[in-house]
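**Q** Structure below; questions to follow.
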Amino acid sequence: PATDRPYHIVIFGASGFTGQFVVEEVARTVSEGPNGSLTWAVAGRSRQKLDKVLEQTAGTLGKPELRTAVEVIVADVGEPDSLAAMCKQAVIVLNCVGPYRFWGEPVVKACVENGAHCIDISGEPQFLESMQLNYDSQAADKGVYIVGACGFDSIPADMGVLYTRDQFKGTLTALESFLTASTGPEGGSINDGTWKSAIYGFADSGKLRSLRKKFGHKPLPVVGSKIKRRYREVQQYAVPFMGADPSVVKRSQRFLLEEHQETPVQYGAYAGVGGVANIVKMLFAGMMFWFLVKFSFGRDLLIKFFSFGFFSKDGPTRKQMEGSSFKFAFYGEGYTEGQDPSQGRPNAKIRTLVQGPEAGYVATPIAMVQAAITILNEPTALPKKGGVYTPGATFAKTKLVERLNKHGIQFSVI
């Protein structure tokens, strides 16, 4: 893609709930662009709403110049010509318009056809993997990087696996992560767009299985002891994590095996749910969810009435966000240097931590923007050719982890 375009970054969907926080994060990091500056614009359907977001951001950050210095681009996901015009002006498009299964593909298509890199914050495996199936070769031909799952889904997990592998003295063969989230006295909330994505994702789980068959992948080789799915107690009870992280990590490990002949790491993801009472509540809610999600009337009920108190149209308040945080604890095992991974059981362990601020609207914008900053500043450390990639595949050889550490998403060995 041309690097002499008017804007390093265009934020598409800037007036959406998550988009407004991405705008703030870009405004904070303009000094981190190429040669110490960053040119950027906001884009979406409504000029009035975009102007309002810039007004709010100017007030929040104490930067009145944002009201006039940042260009507004009107573009609509339903109008391909407007998307093409937007993409021609950007080196990178940050796509904040979800659910991606409904609105994501036209943006990917426009970026590929018009030579702009694209970063999204999707946690929807069906969308992410269908984009790889349908656009990977075209993106490679154009030299364009399409990088999905660059928010809380799934940069902490995907880069956490690579960080742990890089810190391990020997060959890391298996890793389990345990996610816990904390809220302050104000409690917490999630915008209902995330809830809708989850509902439609689980409803279409059968389509995801058939999609994966089209890749024709052989199973990844198992090195060392095979890890088993289990319910494990780490200061609290944990259950298998149902999000995008396991599928994203697996795709990264496949890429690193095929492109760099690196030993794949087996990965199991879990989420802490607290005590026995919480498990009972979760089982009840889970059964209700699985029943309703199979039927269109059930999905409508889930969207309109049954969000189990976690999701709302308004999302969290700033006070709620300030009091919230997340923590991934990684427990790994492998073989020390000089040991043959094909012989005997693993003989070494490692424990690492990835922790950060509120996941959805603080950590996600940080991760997304730092992914873009990395592409702009480290082009020679990216994969040899363009394509549709995971964060791990894209950023394995970059300094993204260092950048995240400076911005409050901390990676450490315990």
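**Q** Within region 34-50, which residues are modelled with pLDDT of 95 or more and open to solvent by 70 Å² or more (accessible area, probe 1.4 Å)?
**A** Within region 34-50, Arg45, Arg47, Gln48, Lys49 meet the criteria.
**Q** Of all residues in region 99-117, which are crowded, with 24+ Cβ neighbours inside 10 Å and small (Gly, Ala, Ser)?
**A** Ala110, Ala116
**Q** Now a separate question. For Lys327, state whether it is under 16 Å from Phe152 (Cβ atoms) and not assigned by the TED database to the domain that holds Gly36.
**A** For Lys327, the condition - under 16 Å from Phe152 (Cβ atoms) and not assigned by the TED database to the domain that holds Gly36 - is met.
**Q** With Leu133, Leu162, Leu128 as the choices, which residue is in the same structural domain as Lys294 (by the TED database) and either outside any helix (DSSP H, G or I) or at pLDDT 95 or above (or both)?
**A** So the residue among Leu133, Leu162, Leu128 that is in the same structural domain as Lys294 (by the TED database) and either outside any helix (DSSP H, G or I) or at pLDDT 95 or above (or both) is Leu162.
**Q** Still on this model: When residues of region 167-209 are filtered for being in a helix (DSSP H, G or I) and either polar (S, T, N, Q) or surrounded by 15 or more Cβ atoms within 10 Å (Cβ to Cβ) (or both), how many remain?
**A** So the answer is 15.
**Q** May I pose another question? Is it the case that some residue within region 10-29 is open to solvent by 70 Å² or more (accessible area, probe 1.4 Å) and not assigned by the TED database to the domain that holds Lys313?
**A** Checking region 10-29: at least one residue is open to solvent by 70 Å² or more (accessible area, probe 1.4 Å) and not assigned by the TED database to the domain that holds Lys313.
**Q** Still on this structure: Given the conditions (1) in the same structural domain as Gly274 (by the TED database); (2) within 24 Å of Asp314 (Cα to Cα); (3) of a type in the set (S, T, N, Q), report the number of the one that Thr171 does not fulfil.
**A** Status for Thr171: all satisfied but (2).
**Q** Give region 277-321 a look and list any residue that's modelled with pLDDT under 70, within 13 Å of Lys196 (Cα to Cα) and open to solvent by less than 70 Å² (accessible area, probe 1.4 Å), or say none.
**A** Scanning region 277-321 gives a single hit, Ser307.
**Q** Turning to a different aspect of this structure: Kindly list the number of the only condition in (1) among the charged types (D, E, K, R); (2) open to solvent by 10 Å² or more (accessible area, probe 1.4 Å); (3) at pLDDT 95 or above that fails for Asp120.
**A** Evaluating Asp120 over (1) among the charged types (D, E, K, R); (2) open to solvent by 10 Å² or more (accessible area, probe 1.4 Å); (3) at pLDDT 95 or above leaves (2) as the failure.
**Q** For region 221-240, which positions are modelled with pLDDT of 75 or more and either open to solvent by less than 30 Å² (accessible area, probe 1.4 Å) or part of a loop (DSSP other than H, G, I, E, B) (or both)?
**A** Pro221, Val222, Val223, Gly224, Ser225, Lys226, Ile227, Lys228, Ala238, Val239, Pro240
**Q** Quick one: in region 330-349, of everything that is among the small types (Gly, Ala, Ser) and modelled with pLDDT under 95, which residue is farthest from Val223 (Cα to Cα)?
**A** Applying the filter and picking the extreme gives Gly338.
**Q** Follow-up question, since we're still on this one. What are the residues in region 140-158 that are in contact with a Phe, Trp or Tyr (Cβ under 7 Å, 6 or more places away or on another chain), of a type in the set (A, V, I, L, M) and either open to solvent by 10 Å² or more (accessible area, probe 1.4 Å) or in a helix (DSSP H, G or I) (or both), if any?
**A** Ala157
**Q** May I pose another question? Criterion first (open to solvent by less than 50 Å² (accessible area, probe 1.4 Å), among the polar types (S, T, N, Q) and within 26 Å of Thr364 (Cβ to Cβ)) does Ser252 satisfy it?
**A** The answer is yes for Ser252.
The values are calculated or read from the model by the stated rules, or taken from the named source; none is laboratory data. Quantities reported herein were computed from a predicted structural model and do not represent experimental measurements. When we count neighbours, we look across all protein chains shown, and the Cβ atoms used for this are built from the backbone with ideal geometry, even at glycine. Quick note on the areas: whole protein, heavy atoms, side chains included, nothing else; ligands and nucleic acids left out. Shrake-Rupley method; radii C 1.70, N 1.55, O 1.52, S 1.80 Å.
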